[in-house]
Amino acid sequence: MSPVLAGVLQLTALVAALALAYRPLGDYMAAVYSSPRHLRIEKVIYRCIGAHADAQMRWPAYLRAVLAFSAAGVLLLYLLQRVQGGMPLSLGFASISPDQAFNTAASFVANTNWQSYSGEQAMGHVVQTAGLAVQNFVSAATGMAVAIALVRGFALHRGPGSARAGGTPVRTGELGNFWADLVRGTIRVLVPLAVIGAVVLVACGAIQNFSGIHEVGQFMGGSQQTNGGAVASQEVIKELGTNGGGYFNGNSAHPFENPDAFTNLFEVFLILVIPFALTRTFGKLVGNVKQGYAVLAAMGIIWLGFTALMMWTEFAHGGPALEAAGAAMEGKETRFGIGGSSIFSVATTLTSTGAVDSFHSSFTAFGGGIQLLGMMLGEIAPGGVGSGLYGMLVMAIIAVFIAGLMVGRTPEYLGKKIGTREIKLAACYILITPTLVLGFTAASMVLPDALGSMLNTKALGAGSHGFSEVLYAFTSGANNNGSAFGGLNANTPWYNTTIGLAMLLGRFLPMVFVLALAGSLAEQKPVPETAGTLRTEKPLFAGLLVGTILIITGLTYFPALALGPLAEGLS
């Protein structure tokens, strides 16, 4: 079988698996977030944290709960790393330095999972399981909660999603209860799926233990030290929650995390299944599943287009340098091949996952550009768990506004008028991330210490590829992706601090505007449809949405891309 055919068959199998899971999972999540009942274990959790799960929140209260919970998470994870050296099961590792502990805490709480350290050489079992793995669950559940709050803003007074949210009737302007949404997303959605996924990974060869450090012989002679860990359970939530932080430095290229081609495709499925299925949840909650299909179509077009383009770029592998280095297989695992590596690469950069099964810096220049562009879109195709859906809905509002300008009509989306306030909030949302990415990248390119972190030769590091490394780092951080391009020493005070700030600001400032937008929409009463109403469930709108996304991203980032991957690819 040719490598190209193998890649196409893998992609076909992945699409089929996602299609089979789409409806049942989407319907189940809609039922979870609109159910009037609490499970017994949920009631125990509410009592322990002192939350009143039936109390409805307007958007300022919902936002305060999100920020307070996340701030507590940053503090606790930071302290856990700082005292690691004195804890049991630390494997003899020292406590983490202050700047790196801040960077890691910000990273995992912000659902970014950027790592400036080697996991098997820095983190003991307690930090990995009680710290990092826990944040993998709750940061993903936080993103889902914010997405559901925005959906309720649209759904209020429309469909079943407006009837109840956590057990009591919803009044105008109320978005549900963050604590109920957080606990339900964790207990009813993420934990059950993670248990099933972990069993599959263990059955396929991923490790799950609390062993210490062992001396392991190598095929070419000599030995190296390696340690075990609760890898399968952390691997599954790292993918399922679109987190991305690897237990080992090799991330999903490490055989303990990702043993073979089947687990590689299974992990891609885990990355994509919830973000895609949330469009079905959105359609159910607003009382019109066709609206969910339109958003799904826009996500699917971008994802399939990027995957096809990446596979074509990597299989082409033109040029004598790439041929001499083993063609496009340089930097890729032989057990995954070009097709599997390309599919994984696009899935992880079009979502906020950050897991890698290959060395992104070793992709072709245009392949690296595709990875960068995928993150620059805002990771909305299908994007992160929760963040992909609310990002796509914000872009839908922009698309509706543009359509309204073209026909001279007040824009409406799902029966809610898109006025000055809504457009300002949407505009602020889409401007935050480019400001962080381009601002921090520009500062890094003029500071000698920051430039000194490029590990390539001076000729290469000072050129387009070195620029791409820095651009990729801040694009990954601010978009809460977490993958690394490679070739950049990010474990310095400058990068630990600035990327940490980019991750926190890139995660929580957009949430401010999303929840404010949700509150504004929830206060509106729906307007009736007329003959001039834009049909947002039709293919025409899906095409308009895709075009809007690509144009906005292109206008924003094209100069930076021209200095990086485009210049390298055309040289």
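The values are calculated or read from the model by the stated rules, or taken from the named source; none is laboratory data. Here the structure is a predicted model, which is why all the values come from computation and not from measurement. Counting neighbours? That spans all protein chains shown, and the Cβs are built from the backbone with ideal geometry, glycine included. All accessible areas refer to the heavy atoms of the entire protein, side chains included, with ligands and DNA or RNA removed. Shrake-Rupley method; radii C 1.70, N 1.55, O 1.52, S 1.80 Å.
Which residue, of V183, V200, is among the β-branched types (V, I, T), buried (at least 22 other Cβ atoms within 10 Å of the Cβ) and either in a loop (DSSP other than H, G, I, E, B) or at pLDDT 90 or above (or both)?
Details: V200 fails: buried (at least 22 other Cβ atoms within 10 Å of the Cβ).
Only one candidate qualifies: V183.
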Any hit, region 395-415, residues being closer than 25 Å to L25 by Cα, under 24 Å from the mean Cα position of the chain (by Cα), not polar (S, T, N, Q) and not in a loop (DSSP other than H, G, I, E, B): yes
Among (1) at pLDDT below 90; (2) assigned to a helix (DSSP H, G or I); (3) within 18 Å of T279 (Cβ to Cβ); (4) not β-branched (V, I, T), the one test that E379 misses: (2)
Selection from region 507-516 of residues that are crowded, with 24+ Cβ neighbours inside 10 Å and within 27 Å of Y117 (Cα to Cα): R507
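Assess whether V356 counts as being among the aliphatic types (A, V, I, L, M), open to solvent by 10 Å² or more (accessible area, probe 1.4 Å), in a loop (DSSP other than H, G, I, E, B) and touching a residue at least 24 places away in the same chain (Cβ under 8 Å). Reasoning before the result, please.
Numbers: among the aliphatic types (A, V, I, L, M): yes; open to solvent by 10 Å² or more (accessible area, probe 1.4 Å): yes; in a loop (DSSP other than H, G, I, E, B): yes; touching a residue at least 24 places away in the same chain (Cβ under 8 Å): yes.
Judged against the criteria, V356 is a match.
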Test: residue in region 322-345 that is touching a Phe, Trp or Tyr at 6+ places or on another chain (Cβ under 6 Å) and at pLDDT 95 or above: no
Count - residues of region 517-571 that are of a type in the set (S, T, Y) and over 21 Å from C428 (Cβ atoms): 4
Count of residues meeting criterion [within 11 Å of A355 (Cβ to Cβ), assigned to a helix (DSSP H, G or I) and open to solvent by less than 10 Å² (accessible area, probe 1.4 Å)] in region 252-269: 4
Of all residues in region 281-305 being of a type in the set (G, A, S) and more than 17 Å from the chain's Cα centre (by Cα), the one that is surrounded by the most Cβ atoms within 10 Å (Cβ to Cβ): A298
Given (1) in contact (Cβ under 8 Å) with a residue 40 or more places away in the chain; (2) within 30 Å of S252 (Cα to Cα); (3) surrounded by fewer than 24 Cβ atoms within 10 Å (Cβ to Cβ), number of the condition G452 does not satisfy: (1)
Condition broken by W59, with the remaining ones in (1) surrounded by fewer than 20 Cβ atoms within 10 Å (Cβ to Cβ); (2) out of contact with any His (no Cβ under 9 Å at 6 or more places or on another chain); (3) farther than 30 Å from Y495 by Cβ satisfied: (1)
Region 31-56 - residue that is closer than 20 Å to E174 by Cα and charged (D, E, K, R) and, of those, surrounded by the most Cβ atoms within 10 Å (Cβ to Cβ): D54
Residue tally, condition farther than 16 Å from A347 by Cβ, in a helix (DSSP H, G or I) and either without any contact (Cβ under 8 Å) to a residue 24 or more places away in the chain or not aliphatic (A, V, I, L, M) (or both), over region 270-295: 11
Among residues of region 364-388, those that are open to solvent by 10 Å² or more (accessible area, probe 1.4 Å), under 19 Å from S571 (Cα atoms) and not small (G, A, S), counted: 3
Residues (open to solvent by 10 Å² or more (accessible area, probe 1.4 Å) and β-branched (V, I, T)) located in region 110-132: V126, T129
Matching residues in region 536-559 - criterion: being open to solvent by less than 20 Å² (accessible area, probe 1.4 Å) and part of a loop (DSSP other than H, G, I, E, B): T536
